[in-house]
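Novice: Could you have a look at this structure, given as structure tokens, before my questions?
The values are calculated or read from the model by the stated rules, or taken from the named source; none is laboratory data. No experiment lies behind these values; they were computed from the predicted model shown. Every residue, glycine as well, gets a Cβ built from its backbone with ideal geometry; the counts of neighbours run over all protein chains shown. Each accessible area value is taken on the protein alone, full model and side chains, heavy atoms only, with ligands, DNA and RNA left out. Shrake-Rupley method; radii C 1.70, N 1.55, O 1.52, S 1.80 Å.
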Amino acid sequence: MLTFLSEFVAPYWGPARLLTSYTVLATVGALLSAILSLLVLPRVWHVLTKDKGRAHAVGAEESVGKPVGVGVFIVLITVGVLVVCLPYDPKIYFCLGALLIASCVGYIDDSKPGGLSELTLGLTDLAISLFVCIVLMNGNSTEVWLPFTSAHFTLPWWGGVLLYTPVVWLCINAVNCNDGVDGVSGTLSAFTICVLGFLLYFVVGDKTNAGYLLIPYNPDAVSWALAAAVFCGAIVGYLWHNAPPSAALMGDAGSRPIGLFVGMCVVVMGNPATVFFVGALLLFNGATGLAKVALMRLFGWRILSSIRFPFHDHVRKNLQWSNAQVLLRFLLIHVASIWLLVILLIKVR
């Protein structure tokens, strides 16, 4: 919308040309979504359901009675700001619709006594992941590059769908499993999205840099970098209220669409392994528990039986870390690991 506006205003007021700059749009969009999230959320979360605690979660009683499902409004703010700031792109609009659906499903899980069944959630996540991958492939072949090699290969659109759908599903559930300690899921996810936005804008979306680094160039990446900035801004505004002790919780209504967005950015990156480099701690804290349960149920294998997952529950129960200690120490590990792993991802080719 702003880019269309600049076409009419620029002939009469030169600075309006800045509204065609993705850097300016990303900055304005991030600030706008952060301010809206900061100011609007406290005025609307009274309509949400109240948290009833989670079975087997350490310290679950501390969240009982707090508004849960704030993620619905985080996603609505993100989508609204992107409609204003983002140049028209049907693929991204379809994906924004998928974010809204994922958030609504998450809110139903938050508000329903006992939540939705694991099978229902798993199949819903799979359907959403499949949909966004089909949209992003758009019937076109895709170039895939991998870490530690300069080689890349081309897959037909259906091959890209088969490759990336499990990756997106994993991202949804890994981020969701990180929720449970004030600020942890939102903070780690916001930093991951910020790094993905940087890579999309300066690496994959920059033809010169992509050529230098021997990485396939994707012209759509800059639009996703803008979307990443706006989503990150909305999460940061929410984190003001989620700092320990939290005033409200984003719940599955926030963690599931955040994970979905991370997965979509990985698809645009063109490297399915990217998630292991930008979200190593997210995967260890959340997805390791998924793998542990899956191996036990399918094959009867019991691995890491002495460790509780999500890992943030383990350190709180066994190491007596406070919520604030978990948040700060996990953030420090996350930042340090991404700094190293991203350098390895893009430079060791």
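Novice: Pairs, please: C-beta under 7 Å, at least 6 apart or cross-chain, first residue within 15 Å of I128 (Cα to Cα) and touching a residue at least 12 places away in the same chain (Cβ under 8 Å) and in segment 156-172, second among the polar types (S, T, N, Q) and open to solvent by less than 10 Å² (accessible area, probe 1.4 Å)?
Specialist: From residues that are within 15 Å of I128 (Cα to Cα) and touching a residue at least 12 places away in the same chain (Cβ under 8 Å), the pairs are T165/S129; V168/S129; W169/S129; I172/S129.
Novice: Which residues, taken from segment 78-127, are closer than 13 Å to D252 by Cβ, at pLDDT below 95, aliphatic (A, V, I, L, M) and touching a Ser or Thr at 6+ places or on another chain (Cβ under 9 Å)?
Specialist: Result: L116, single match.
Novice: I've got another one for you. Take the residues in segment 83-131 that are of a type in the set (G, A, S) and assigned to a loop (DSSP other than H, G, I, E, B); name whichever of them is surrounded by the most Cβ atoms within 10 Å (Cβ to Cβ).
Specialist: Quick first cut of segment 83-131, residues of a type in the set (G, A, S) only: 97-98, 102-103, 106, 111, 114-115, 117, 122, 127, 129.
Among the residues that remain, those that are also assigned to a loop (DSSP other than H, G, I, E, B) are: 114-115, 117.
Values: G114: 8, G115: 17, S117: 10.
The residue in question is G115.
Novice: List pairs: first residue in segment 271-284 and aromatic (F, W, Y), second residue crowded, with 22+ Cβ neighbours inside 10 Å anywhere in the structure, Cβ distance under 7 angstrom, at least six positions apart or on different chains.
Specialist: Matching pairs, first to second residue: F277/L345.
Novice: With respect to the numbered conditions (1) surrounded by 21 or more Cβ atoms within 10 Å (Cβ to Cβ); (2) among the polar types (S, T, N, Q); (3) modelled with pLDDT of 90 or more, which one is the sole condition not fulfilled by Q325?
Specialist: Single failed check for Q325: (1).
Novice: Which pairs turn up if I take residues in segment 127-141 that are in contact (Cβ under 8 Å) with a residue 12 or more places away in the chain and hydrophobic (A, V, I, L, M, F, W, C) and look for partners that are outside any helix (DSSP H, G or I) and surrounded by fewer than 14 Cβ atoms within 10 Å (Cβ to Cβ) with beta carbon separation below 9 Å, at least 6 apart in sequence or on another chain?
Specialist: Pairs that qualify, where the first residue is in contact (Cβ under 8 Å) with a residue 12 or more places away in the chain and hydrophobic (A, V, I, L, M, F, W, C) and the partner is outside any helix (DSSP H, G or I) and surrounded by fewer than 14 Cβ atoms within 10 Å (Cβ to Cβ), are M137/P156.
Novice: Tell me the residue from I333, I343, I303 that is open to solvent by 50 Å² or more (accessible area, probe 1.4 Å), modelled with pLDDT of 90 or more, over 20 Å from V175 (Cα atoms) and among the β-branched types (V, I, T), please.
Specialist: Of the residues listed, the single one that is open to solvent by 50 Å² or more (accessible area, probe 1.4 Å), modelled with pLDDT of 90 or more, over 20 Å from V175 (Cα atoms) and among the β-branched types (V, I, T) is I343.
Novice: Now for a different question. Does any residue in segment 237-252 that is free of Cβ contacts under 8 Å to residues at least 60 places away in the same chain come within less than 8 Å, Cβ to Cβ, of a residue that is open to solvent by 20 Å² or more (accessible area, probe 1.4 Å) six or more places away or on a different chain, and which pairs are these?
Specialist: Hits for this filter: L239/T187.
Novice: If you don't mind, another one. Those residues that are open to solvent by 50 Å² or more (accessible area, probe 1.4 Å) and more than 15 Å from G106 (Cβ to Cβ), I need them from segment 157-177; list them, please. So that I can check it myself, show each step before the final result.
Specialist: Just the residues of segment 157-177 that are open to solvent by 50 Å² or more (accessible area, probe 1.4 Å), to begin with: 157-158, 162-163, 166, 169.
Once the filter is applied, which keeps residues that are open to solvent by 50 Å² or more (accessible area, probe 1.4 Å) and more than 15 Å from G106 (Cβ to Cβ), segment 157-177 yields W157, W158, L162, L163, P166.
Novice: Could you list, in sequence order, the residues of segment 224-276 that are hydroxyl-bearing (S, T, Y), surrounded by 24 or more Cβ atoms within 10 Å (Cβ to Cβ) and touching an Asp or Glu at 6+ places or on another chain (Cβ under 6 Å)?
Specialist: Passing the criteria: only S255.
Novice: For residues that are surrounded by fewer than 15 Cβ atoms within 10 Å (Cβ to Cβ) and in a loop (DSSP other than H, G, I, E, B), scanning just segment 50-77, find the one that is modelled with the lowest pLDDT.
Specialist: Result: H56.
Novice: Kindly evaluate L281 against the criterion of being part of a helix (DSSP H, G or I) and either aliphatic (A, V, I, L, M) or at pLDDT 95 or above (or both).
Specialist: So L281 passes the test.
Novice: Condition check: under 20 Å from F276 (Cβ atoms) and open to solvent by less than 10 Å² (accessible area, probe 1.4 Å). Does S185 satisfy that?
Specialist: Yes.
Novice: Can you find even one residue in segment 9-20 that is β-branched (V, I, T), at pLDDT below 90 and within 19 Å of W224 (Cβ to Cβ)?
Specialist: Looking for residues that are β-branched (V, I, T), at pLDDT below 90 and within 19 Å of W224 (Cβ to Cβ), one finds at least one in segment 9-20, hence yes.
Novice: Name the residues in segment 277-289 that are touching a Phe, Trp or Tyr at 6+ places or on another chain (Cβ under 6 Å) and open to solvent by 10 Å² or more (accessible area, probe 1.4 Å), would you?
Specialist: Within segment 277-289, the first condition is being touching a Phe, Trp or Tyr at 6+ places or on another chain (Cβ under 6 Å), and the residues that meet it are 285, 288-289.
Selection gives T288, G289.
Novice: Still on this structure, please answer the following. For G180, only one of the following conditions fails: (1) at positive phi; (2) surrounded by fewer than 21 Cβ atoms within 10 Å (Cβ to Cβ). What is its number?
Specialist: Going through the list (1) at positive phi; (2) surrounded by fewer than 21 Cβ atoms within 10 Å (Cβ to Cβ), G180 breaks only (2).
Novice: Follow-up. Return only the number of the condition from (1) open to solvent by 10 Å² or more (accessible area, probe 1.4 Å); (2) modelled with pLDDT of 95 or more that A151 does not satisfy.
Specialist: Checking A151 against (1) open to solvent by 10 Å² or more (accessible area, probe 1.4 Å); (2) modelled with pLDDT of 95 or more, the one that fails is (2).
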